[in-house]
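Have a look at the structure below, then the notes.
None of the figures in this text is laboratory data; all of them are computed from the coordinates on show. This structure is a prediction, so every number in the text was calculated from the model and none was measured. Note that each Cβ is placed from the backbone with ideal geometry, even for glycine, and that neighbours are counted across all protein chains shown.
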Amino acid sequence: MGISRISRYISRRYIGLLKYIIAIGCFYVVYGLFFSPGISRGNEARALGRGDRIHVDGDVPHVNPASADTVDPFLKYRGKRKINWEDVEAYKADQARVGPGEQGKPVQLPKDPMVEKEALALYKANGYNAYISDMIPLNRSIKDIRHPQCKNMEYNSELPSVSVIFPFHEEHNSTLLRSVYSIINRSPKQLLKEIILVDDFSEKPFLKKPLEDLLKRNHLDDLVKVVRTKAREGLIRARLLGAEKATGDVLIFLDAHSEANYNWLPPLLDPIVEDYRTVVCPFVDVIDCETYEIRPQDEGARGSFDWSFNYKRLPLTRKDRENPTKPFPSPVMAGGYFAISTKWFWELGGYDEGLDIWGGEQYELSFKVWQCHGRMVDAPCSRVGHIYRCKYSPFKSANKGDFISRNYKRVAEVWMDDYKHHLYKHRHGVGNADPGDLTKQLAVRERLKCKSFDWFMKEVAFDQDKYYPAVEPKPSASGELRNKGTNLCVDTEFKQANQRFGLRKCISDDPDGGGEQNLRITRWHDIRPEGRAVCFDASTSDDKAPVVLFDCHSMKGNQLFKYRIESQMIYHPISNQCLSVEPDGSGYVFMQQCDPDSPTQKWTWQIALALKIFYKFLEKKVIIHSMKGNQLFKYRIESQMIYHPISNQCLSVEPDGSGYVFMQQCDPESPTQKWTWQVLDKKLLEERQNAEPNEED
């Protein structure tokens, strides 16, 4: 029956009512399909604008208001069921393998002079034991060093495709190929779209046509692509070239001397699916440069930096420690290992093209990820081994001058606001460097409406100043460190990491002599040359164990030295030895069994402050735990009393001075509760007692 025929039986009033109902229904359909989701996103963005601290909940997405209307490339993957991606059969097959390097076990060189000679040549050419690499199968099995709970983790059943990018320059052939095979063998085939090898103008013959021929013979040329630079571009631009050639939804950058662990890929992709502006870093483990043994570095820490732009690490919060398989926020990436959605990488402008060779790129990308409304997490269940080069630096000079200072200046000028002056103060040469044209980078910051560096320091790197303060506390002692037995001073002679040092005539005795003798004991109880971030480091307890300079890590251990005021000895707790020298002052300083009667183990500082005398008293009587509580005492300058907050009492003695010191109800009129110090830095004491360090767990 036609509409015209029905209308003859229905009054005009009912026709109008029907039209009204249909119009209302259409409105709600259109509203539900198009407008309601937009309002939800807007509410989410407004909620995120409340200033909630990022470290409170690492799951909170961070939407960029400037581009909230852009299409999310991973929306189609959300809401899918979760599955376990473990390749159980491949794991079982690996466990049955035996041979050199299998299961990630160490390999030793044969005791043969000819082998040792050839191995040394390869070592010098690569910075790692390439002879050992050639002894190990390219597809070797490894040890599963993940947390046991990782095997039970489930991730989205549908995940985006990836392009794995390996930049390399003069890499050894078997090490490069083992990196490639580890990705192929331990990645789900449906996720691995391509592997891109970016040759940064290598000269080794194998890395030319023979490499491409090998890939073709093994039917890998469709999956593994080789692209080459036309001149030496450096690590940063090589990565950019790889990203430009990539076709995957997600870019994964790795170094070309790596080995992926089991099921490494889904944990990297799952957080990106939930928020495409998330950057995810795997745990980076150690492939020993001598033996190729694979071992865990540790169970995680948050990336950071000191104010000389040395990469440093911050401890995990209590919440992160309680969830050993859950990704946790990290302020700064280590640099060479991370996954990022292709869309987000290019929205951020990729790497700064003005950065030369290497250096500063991890800070530049980390800062702009966070400040431009993204986030960065470490994924504990994704682990990749890395060879840290040792002993030899195999590469030729890039002939680019002080490119690192220029790189740091570019990062600081674009992203660090007024905090840049701390870097300029601590890192000599950066402040005066010419950063070049910054127009494009500043435009990225403006376009994405990025946040301030002050926001980054307070909300993301919230405990940075506790471990790596921009303004160093006064040293406990500083100046020349003079040995009483020889009357000579320690001179580090501006040496670098892993180098030993000895004694020379003190500059105060010979002002024209020169050298590097201005040392200091920091609040971390390490000893370092003034203005540099290398510390005394002793790694063995052998007799006359060497003391070398090593990058300061502020984590005590090998770098913890304690100066004993009464004995004038420098004690090294981890080896239970003391700093010493030869009686004639020749050779290097070393560690030796402590001997209070030995003049070569006696040391005096040119400038010695009050070295925490009360702490020294406690140190002899009880175990030091540095956790306050029973060991927290506050000196009241006005009343001259020593107050113990946990007991609400004050330090006291018997009127005749007999017996032991004890705690007693505070009495401002009692002379036995009045104490004075031989040396007192009033300003420093007030600063430390009034300041309450961030006790964020």
Just to be sure I understand the model, the point goes 7 Å from the Cα along the line to the Cβ. What's the resulting residue 96 to residue 505 distance in nm? 7.4 nm
Do any of 143/319; 82/143; 117/495; 474/674; 92/143; 425/474 go past 18 Å between their Cα atoms, and which? 143/319; 82/143; 117/495; 474/674
Note, ³J(HN,Hα) from phi for region 656-663, Karplus 6.51, -1.76, 1.60, rounded to Hz, x at Gly and Pro: 8, x, 7, x, 10, 5, 8, 9
Once the in-chain neighbours fewer than 8 apart are removed, the lysines whose Cα is under 20 Å from residue 216 read 189, 193, 204, 208, 225, 245
Using modelled backbone amide H atoms (1.01 Å from N, in-plane), which distant-in-sequence or interchain residues come within less than 5 Å of residue 226's amide H? 197
Extend 7 Å from the Cα of residue 286 along its Cα-to-C-beta direction; within region 161-199, residues with backbone N under 12 Å of that point are none
Given a Förster radius of 45 Å and the C-beta distance between residue 498 and residue 418 as r, what FRET efficiency does 1/(1 + (r/R0)^6) yield to the nearest 0.05? 0.80
Taking R0 as 35 Å, what FRET efficiency do you get between residue 677 and residue 593 from their Cβ-Cβ distance, rounded to the nearest 0.05? 0.55
Whole-number value, in Å³ per residue, for the convex hull of the alpha carbons of region 295-372 is 136 Å³
Semi-axes, largest first, in whole Å: what does sqrt of 5 times each Cα gyration tensor eigenvalue give for region 94-466? 32, 25, 21
Would you calculate the separation in nanometres between label points at residue 543 and residue 115, each defined as 7 Å from the Cα along the Cα-to-beta-carbon direction? 3.3 nm
The extension gain from residue 663 to residue 228, computed as 0.36 nm times the residue separation minus the Cα-Cα distance, is 149.2 nm
Gain upon complete extension [residue 322, residue 295; 0.36 nm per residue less C-alpha separation]: 7.5 nm
Extension gain, residue 565 back to residue 472 (0.36 nm per residue minus Cα-Cα distance, nm): 31.2 nm
Packing rank of 533-539, 479-485, where each peptide gets the mean count of other beta carbons within 10 Å, highest leading: 533-539, 479-485
Please compare each pair in 368/562; 80/466; 80/343 to a cut-off of 31 Å on the Cα-Cα distance and tell me which ones are over it. 368/562; 80/466
Just grab the label-to-label distance for residue 247 and residue 525, each label 7 Å out from Cα along the Cβ direction, in nm (one decimal). 6.0 nm
So for R0 = 60 Å, FRET eff. of residue 87-residue 449 from the Cβ-Cβ r, to 0.05, ends up at 0.90
What are the semi-axes of the equivalent ellipsoid of region 381-501, taken as the square roots of 5 times the eigenvalues of the Cα gyration tensor, listed largest first and rounded to whole Å? 34, 23, 19
